[in-house]
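The values are calculated or read from the model by the stated rules, or taken from the named source; none is laboratory data. As the structure is a prediction and not an experimental result, all values here were calculated from the model. Cβ atoms come from the backbone with ideal geometry, glycine included; neighbour counts cover every protein chain shown.
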2 protein chains.
Amino acid sequence: MKDFVHCVPTRFVFGRGAELKAGEQIRDFGGTKALILYGGGSAVRSGLLERVQKALSDAGVEYVCLGGVQPNPRDTLVYRGIELARREGVDFILAVGGGSVIDTGKAVAHGVCYDGDFWDLWCGKAKSRAALPVGVVLTMSAAGSESSNSCVITREATKTKRGLRSELNRPRFAIMNPELPMTLPPYQIASGATDILAHIMERYFTCETEVDLTDRLCEGAMTAVIRAARIAVKHPDCYDAQAQLMWASTIAHNDTLGVGRVQDFGSHQIEHELSALYDVAHGAGLAVVFPAWMRYHMHRNVARFAQFAVRVYGCEMNFERPEETALRGIEAHEAFLREIGMPLTLKELGARSEDIPALAAGTKKTNPDGTTGGVFHMTAQDIEAILRLADR
Amino acid sequence: MKDFVHCVPTRFVFGRGAELKAGEQIRDFGGTKALILYGGGSAVRSGLLERVQKALSDAGVEYVCLGGVQPNPRDTLVYRGIELARREGVDFILAVGGGSVIDTGKAVAHGVCYDGDFWDLWCGKAKSRAALPVGVVLTMSAAGSESSNSCVITREATKTKRGLRSELNRPRFAIMNPELPMTLPPYQIASGATDILAHIMERYFTCETEVDLTDRLCEGAMTAVIRAARIAVKHPDCYDAQAQLMWASTIAHNDTLGVGRVQDFGSHQIEHELSALYDVAHGAGLAVVFPAWMRYHMHRNVARFAQFAVRVYGCEMNFERPEETALRGIEAHEAFLREIGMPLTLKELGARSEDIPALAAGTKKTNPDGTTGGVFHMTAQDIEAILRLADR
């Protein structure tokens, strides 16, 4: 295992009706006036926003509201949030939604405490030193932003999607009621499950061998997520399936399953370009990118891809031709994604073949040598080849 | 999944030489003068204590030291620690050791902030409302006290062993250098691994069915611990085996693997009586109690004990006679414990048959109806029967 520092101070309040505790949680963390952020109308229509507002009032916490957060959240709303938060003197951000709302909340929290343009912090021009406290009422099991240190925002004018990793990004509390995602369309539940799996897989496909403990934890979580996703997509009102997806979304991305490992996140970087350009659901984009990424890289560590096939999808090990086993695992993963209604090709996402070079060139370079990906380093040519595999 | 609140704010600093960061960690959490607690002479002889002291001095943190913590830590040293901490005006407790030292540190931390006799808090006479901050330099992978909410102390005069669960018990930081346990005798490494497994098993053997995610996480962790323990007992200098045991000790008992489940902890209560009376290593006591507890209870949930056998020990499932499979799993577990040098009988612990009724009567009653155990409720008669199974 590699050296690491790991700290997830987020308090998880999990269970039916947990959103009614939002006010007392904010009070507990010293908040007196909150900016409630939310997305589209569903939080209003379902009565969730009203329940949360009442919870705050009951606890004596003042609030102002800002709705309209879109998937692949934009800088434009972040600027409005910062302005509103400053004008109203709020001391706490409450995100009521999924990853997009939470990430908007995190960006506002940094922005309020930063004198310049908040995008400076996202494009690496400046380092954030403070942020308002953030709390979450989670409505979708997917991004894991409810306790992760990451936050991804899209610059609308340039369609640039960038993430900021910072320990300041960890929310103070996450209220998790598995009943809330029951009203989501199956496609969104499936996209969320795909995102959860991708977060685990980014940590799982490594070149290290002596990481048996985290391997086993990742495999166990993936096996359970696949099972729960199959159930939740067909029976969204199954509490236990939703509960498992919700808790899995959290541990998949707060590094509980990833400590001590080199992690990749190359697929995520490729997908960020896709969803920035075509505004597709992040999970759906990952459903297209990840299997192509696996096919492209499997030969660089056949044993690991075969291990995935055997332990997660129950494939039989072909000791003479392990690459066959590895391939069976990728096929099984694709079949699962198809089964839950996910796209597998660029065309299904509405992406154009002629955009591939620009997508490859635009993908963020995460390594000093200009390549992307922590484990399997990729040049723009590699990324182009991966996207061509998905261009069916 | 059951409703839960879960929060592990501990900062884990993991890797070679991590103890050199003890001073800066204390400073980070506002400490200016620490009470360094440690156990026997090994921390002195190995030079660890000196390295830690230098780390504190380099960071400008003052300190006083108190050594002599014994396994199954006693109230007597807790009283001395409280008195010393008050006299010297320390504002931080640094435990350099394993579970016994950490638990002593936690008890001192409560005791300093409580006006009466600290044992009031352990025997339920009063509720703790504050504790000094505690940091840890971990030297043994076992108890998981480095981030758990529990703390177990033995009242020397009455040989009463009692635990206090409190969120105040979570250390601020845990410094985890997997090189430190390399100098332990194999018996202690094995005892530690047994304790880790027991912490997972207390969470695993439940009567719920819809806990697939946490089941899979528990199974993955157990599989990895069994493998790492086999290596570490034979090759204590294997960094990766020690690293996996160390991280497993933490997640086994900070509830990462246990959220949303009814947990048992009946075996732990029985063992507390054993180690209070005979002063045996906690892990060794669990090696004797747990298999007997499994044999006694397996008929109450054969499917789960069979699942354990199949998924953790690779036993073949006998669908016609699942109780055969369950039994094979218990035998495999006993064989593993024997392989790493653990005792399996009361005799090997030095326990006497004639003490069994008193041990059963003395075991803490954890349920309002006077029974013990969260999942499989046990009367004193049940406990006596379990101990008789181990009396070979």
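Quick rundown of the values:
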item: Single residue of the stretch B:252-272 satisfying the filter (of a type outside the set (S, T, N, Q) and touching a strand residue (DSSP E or B) at 6+ places or on another chain (Cβ under 7 Å)) that is farthest from the other protein chains (Cβ to nearest Cβ); result: B:H272
item: Residue in the stretch B:280-294 that is assigned to a helix (DSSP H, G or I), within 17 Å of B:I196 (Cα to Cα) and free of Cβ contacts under 8 Å to residues at least 24 places away in the same chain present; result: no
item: The lone exception for B:V134 - which of (1) under 30 Å from B:K33 (Cα atoms); (2) at pLDDT below 95 it fails; result: (2)
item: Meets criteria (out of contact with any helix residue (DSSP H, G or I) (no Cβ under 9 Å at 6 or more places or on another chain) and either modelled with pLDDT of 95 or more or crowded, with 20+ Cβ neighbours inside 10 Å (or both)) for A:G116; result: yes
item: Matching residues, the stretch A:1-45, being touching a residue at least 12 places away in the same chain (Cβ under 8 Å), in a strand (DSSP E or B), over 20 Å from the mean Cα position of the chain (by Cα) and within 14 Å of another protein chain (Cβ to nearest Cβ); result: A:F4
item: Some residue of the stretch A:199-218 being at pLDDT below 95, more than 14 Å from every other protein chain (Cβ to nearest Cβ) and surrounded by fewer than 24 Cβ atoms within 10 Å (Cβ to Cβ); result: yes
item: Residue list for the stretch A:169-186, restricted to those being outside any loop (DSSP other than H, G, I, E, B), surrounded by fewer than 20 Cβ atoms within 10 Å (Cβ to Cβ) and not β-branched (V, I, T); result: A:M182, A:P186
item: The stretch A:260-274, subset in contact with a Ser or Thr (Cβ under 7 Å, 6 or more places away or on another chain) and of a type in the set (A, V, I, L, M), residue surrounded by the fewest Cβ atoms within 10 Å (Cβ to Cβ); result: A:V262
item: Close pairs (6 angstrom Cβ cut-off, 6 or more residues apart or separate chains): modelled with pLDDT of 95 or more in the stretch B:176-195, assigned to a helix (DSSP H, G or I) and of a type in the set (F, W, Y) anywhere; result: B:P178/B:Y239
item: Members of the stretch A:196-223 that are in a loop (DSSP other than H, G, I, E, B) and not hydrophobic (A, V, I, L, M, F, W, C); result: A:T206, A:E208, A:T209, A:E210
item: Selection within the stretch A:56-81 - surrounded by fewer than 22 Cβ atoms within 10 Å (Cβ to Cβ), touching a Gly at 6+ places or on another chain (Cβ under 8 Å) and in a helix (DSSP H, G or I); result: A:S57, A:D58, A:Y79
item: Residue check, B:E323 farther than 22 Å from B:I270 by Cα, in contact (Cβ under 8 Å) with a residue 24 or more places away in the chain and either more than 26 Å from the chain's Cα centre (by Cα) or surrounded by fewer than 21 Cβ atoms within 10 Å (Cβ to Cβ) (or both); result: yes
item: Complete set of residues in the stretch A:365-392 that are of a type in the set (S, T, N, Q) and at pLDDT 95 or above; result: A:N367, A:T371, A:T372, A:T379, A:Q381
item: Qualifying positions in the stretch A:224-236 - away from chain B (no Cβ under 14 Å) and not in a helix (DSSP H, G or I); result: A:P236
item: A:M140 more than 12 Å from every other protein chain (Cβ to nearest Cβ), over 30 Å from B:A228 (Cα atoms) and more than 16 Å from the chain's Cα centre (by Cα); result: no
item: Cβ-Cβ under 7 Å pairs, at least 6 apart or on other chains, the stretch A:240-251 side at the interface with chain B (Cβ under 7 Å from one of its Cβ atoms) and without any contact (Cβ under 8 Å) to a residue 24 or more places away in the chain, far side of a type in the set (A, V, I, L, M, F, W, C) and assigned to a helix (DSSP H, G or I); result: A:Q244/A:A224; A:Q244/A:A228; A:Q244/B:L213
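Yes/no matrix, rows are residues, columns are (1) surrounded by fewer than 19 Cβ atoms within 10 Å (Cβ to Cβ); (2) outside the structural domain of B:S100 (by TED's automatic domain parsing); (3) more than 23 Å from B:K234 (Cβ to Cβ); (4) touching a His at 6+ places or on another chain (Cβ under 6 Å):
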| residue | (1), (2), (3), (4) |
| --- | --- |
| B:A276 | no, yes, yes, no |
| B:H282 | no, yes, no, no |
| B:C315 | no, yes, yes, no |
| B:F319 | yes, yes, yes, no |
| B:M342 | no, yes, no, no |
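Table: residues versus (1) buried (at least 22 other Cβ atoms within 10 Å of the Cβ); (2) in contact with a helix residue (DSSP H, G or I) (Cβ under 7 Å, 6 or more places away or on another chain); (3) not small (G, A, S).
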| position | (1), (2), (3) |
| --- | --- |
| A:W293 | yes, yes, yes |
| A:E331 | no, no, yes |
| A:R352 | no, no, yes |
| A:L389 | no, yes, yes |
